[in-house]
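J.: To start, I am sharing the structure in question, which I have written as structure tokens.
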Amino acid sequence: MAYYTLKTIAKTNDYMAVLRETEDGYVVRIVRDKDGYDEITTDFISRTLFESCLRTGYLTKIEEPVAKMAVNA
């Protein structure tokens, strides 16, 4: 499975995982940090849009998403 970070304004740890490749594009799972909880969606992205996002830097390939750790104060 390939992982990509998403460029965001808020500097959150949002990422996308490619679940499956199809003839027309990719089935992806997007994980967004929403004020301390993860919003997870599964969607389709066309091959053309995916390649454009890589070229423009909106998506950056990573080895694996960083696991969040709770810190006790």
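J.: Using θ = phi - 60° and the Karplus relation 6.51 cos²θ - 1.76 cosθ + 1.60, list the HN-Hα couplings for segment 2-9 in order, rounded to whole Hz, with x at every Gly or Pro.
T.: 9, 10, 9, 7, 9, 6, 10, 6
J.: Could you work out what % of the accessible surface of segment 5-61 is carbon and sulfur, using a 1.4 angstrom probe and leaving DNA, RNA and ligands out of the count? Please report the intermediate quantities before stating the final value.
T.: On the way: 1960 of 4020 Å².
Carbon plus sulfur share of accessible area: 49 percent.
J.: Right, another one. 7 Å from Cα along Cα→Cβ at both Asp24 and Leu6: what's the point-to-point distance in nm?
T.: 2.1
J.: Taking amide H positions as placed in the peptide plane 1.01 Å from N, state which residues far from Ile62 in sequence (5 or more) or on other chains have amide H under 5 Å from it.
T.: Amide H neighbours of Ile62, under 5 Å, 5+ apart: Tyr3, Tyr4, Thr5.
J.: For segment 2-62, report the accessible area per residue in Å² (1.4 Å probe, heavy atoms, rounded to an integer).
T.: Details: 4160 Å² over 61 residues.
That works out to 68 Å² for each residue.
J.: What does the charge add up to near Gly25, with Lys and Arg as +1, Asp and Glu as -1, over the other residues with Cβ less than 15 Å from its Cβ? All intermediate terms of the calculation are to be shown ahead of the outcome.
T.: Numbers: positive: Arg20, Arg29, Arg47; negative: Glu21, Glu23, Asp24, Asp43, Glu51.
In short, -2.
J.: Pairs of Cα atoms under 8 Å, at least six residues apart: use those to get the relative contact order of the chain, whole percent.
T.: Working: 118 pairs, mean separation 22.8, N = 73.
Result for the chain is 31 percent.
J.: For Asp14, which sequence-distant residues (separation of 5 or more, or a different chain) have an amide H within less than 5 Å of its own amide H, given hydrogens modelled in the peptide plane?
T.: Leu6, Asp33
J.: Which of the three applies to segment 2-62, rounded, prolate or oblate, going by the alpha-carbon gyration tensor with a ≥ b ≥ c and a/c under 1.5 meaning rounded?
T.: Numbers: a/c = 2.44, a/b = 1.44, b/c = 1.70.
Because a/c hits 1.5 or more and a/b fails to exceed b/c, segment 2-62 counts as oblate.
The values are calculated or read from the model by the stated rules, or taken from the named source; none is laboratory data. In this text, all values refer to a predicted model and were calculated from it rather than measured experimentally. Cβ: placed from backbone, ideal geometry, glycine included. Neighbour counts: every protein chain shown. Surface areas here come from the heavy atoms of the whole protein model, side chains and all, with no ligands, DNA or RNA. Shrake-Rupley method; radii C 1.70, N 1.55, O 1.52, S 1.80 Å.
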